Amino acid sequence: MTNNEAPTAATQGDTKADGTFRVQGISKSFLLKDSKTGEPVKRQVLKEITFDIPRDKFVVLFGPNASGKTTLLKIIAGLEAPDSGIIEKPRPDMRIDLIFQNYRDSLFPWKDVLQNIAFPLELSGVSKKERNDAARSLLAEIGSDVLSENDYKKYPYELSGGQQQLIAFSRALIVRPDLLLLDESFAALDHDTRYLMQDVLIKAWEELKFRVLFISHSVWEAVYMADVVVLLSKRPANVLDVVEVPLERPRKREVEYSKDFFELRSEILRVFESELYGRGPIIS
Ligand SMILES: Nc1ncnc2c1ncn2[C@@H]1O[C@H](COP(=O)(O)OP(=O)(O)OP(=O)(O)O)[C@@H](O)[C@H]1O
Ligand SMILES: [Mg+2]
């Protein structure tokens, strides 16, 4: 599907009651200073981006470096205005949360695990006991593989990358967002922690039932996580393709060695590499 066509039924998994969350024709340019003349020049980053984020599909956004992925997340979160296009929401008051690429910088070094997670509730005036209970029960629900009760009083510097990532997730989830946007959340993690955190996120998504848009730089990660991979072109980014991943859930790690997995990964690589280099993958 290209950006100019209406989203297909496959990308519209919402029931009527859930409504459609649609990124519709989003374009964005920035004014930059020309390095030689100093004159302002317009650089288009996003060009008429259209796709849906259905409630029951895990949507992964995959695109080249500096193609405008973070800019698009900011626009969806309402932190940046598009030049044209709209973000069509099922409810105007729906809660959207964004976990930034540099999530570690967002943790407060002087707050322990529970205090960090409960911070949004502290801001809305929830009592200490109530917010601590909420943080504990959320961790018990989604994070027991990563953080144990013994860790709850620890500070971020005492924790591993995966544990810090879990705090960032939990802090976003404690307010029960309708849509969670994640910007390359696992890029800095080592291989086994990345595996672990992918499964923690999928479990949280399955249990708490929020919509999700997850940016990934890894084709392997995109296929493992996604029901739908939205492929972006080079800058100015538009939607090159929307690839469905019909692998059964719950997924087991072994799926990565299956023929279906390999074929999906190849399909995405073929489109992506042809966009970047004008050819498909080199297979000798
Ligand atoms: N506020 C801004 N002003 C000017 N240019 C900007 C601004 N924000 C982003 N850009 C430019 O827009 C382009 C896309 O940036 P963006 O961070 O959205 O890309 P990205 O796909 O997330 O990159 P990465 O793969 O490195 O995470 C870049 O060239 C960037 O320099
Ligand atoms: Mg980015």
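The values are calculated or read from the model by the stated rules, or taken from the named source; none is laboratory data. All values reported here derive from a predicted model rather than from experimental measurement. Methodologically, a virtual Cβ is constructed for each residue, glycine included, from the backbone with ideal geometry; neighbour enumeration extends over all protein chains shown. These accessible areas exclude ligands, DNA and RNA; they are computed on the full protein's heavy atoms, side chains included. Shrake-Rupley method; radii C 1.70, N 1.55, O 1.52, S 1.80 Å.
Just a few scattered comments:
- Beta bridges per DSSP, both residues in the chain: antiparallel share near 50 percent.
- Sequence-distant aspartates and glutamates (8 or more away, or on other chains) whose Cα lies within less than 12 Å of K209: D18, D56, D178
- 10 Å Cβ shell holding at most 10 others, DSSP loop, GluC sites (Glu not before Pro): longest site-free stretch of the chain: 6-247
- A 1.4 Å probe run over the chain, with the rest of the protein chains in place, finds 49 Å² accessible per residue.
- In order through the range 227-232: 3J(HN,Hα) via Karplus (6.51 cos²θ - 1.76 cosθ + 1.60), integer Hz, x for Gly, Pro: 9, 9, 10, 9, 9, 9
- Of K89/K129; K28/K111; K33/K234; K69/K89; K74/K259, those spanning more than 28 Å from alpha-carbon to alpha-carbon: K89/K129; K28/K111; K74/K259
- Cα centroid of the range 74-121 to Cα centroid of the range 178-215, whole Å: 15 Å
- Amide N of the range 16-57 lying under 12 Å from the label point, which is placed 7 angstrom from the Cα of S84 along Cα→Cβ: 25-29, 47-49
- Ignoring aspartates and glutamates fewer than eight residues from K154 along the same chain, the ones with Cα atoms less than 12 angstrom from its Cα are D112.
- On the basis of the beta-carbon distance and an R0 of 45 Å, E248 and K42 show a calculated FRET efficiency of 0.45.
- Computed with a 1.4 Å probe on the full set of protein chains, the accessible area for W205 sits at about 20 Å².
- Surface share of carbon and sulfur [accessible, 1.4 angstrom probe, percent] for the chain: 50 percent
- Equivalent ellipsoid, the range 65-149 (semi-axes from 5 times Cα gyration tensor eigenvalues, Å): 30, 17, 13
- Packing-based ranking, highest mean first, of 92-99, 161-168 given that Cβ atoms within 10 Å are counted: 161-168, 92-99
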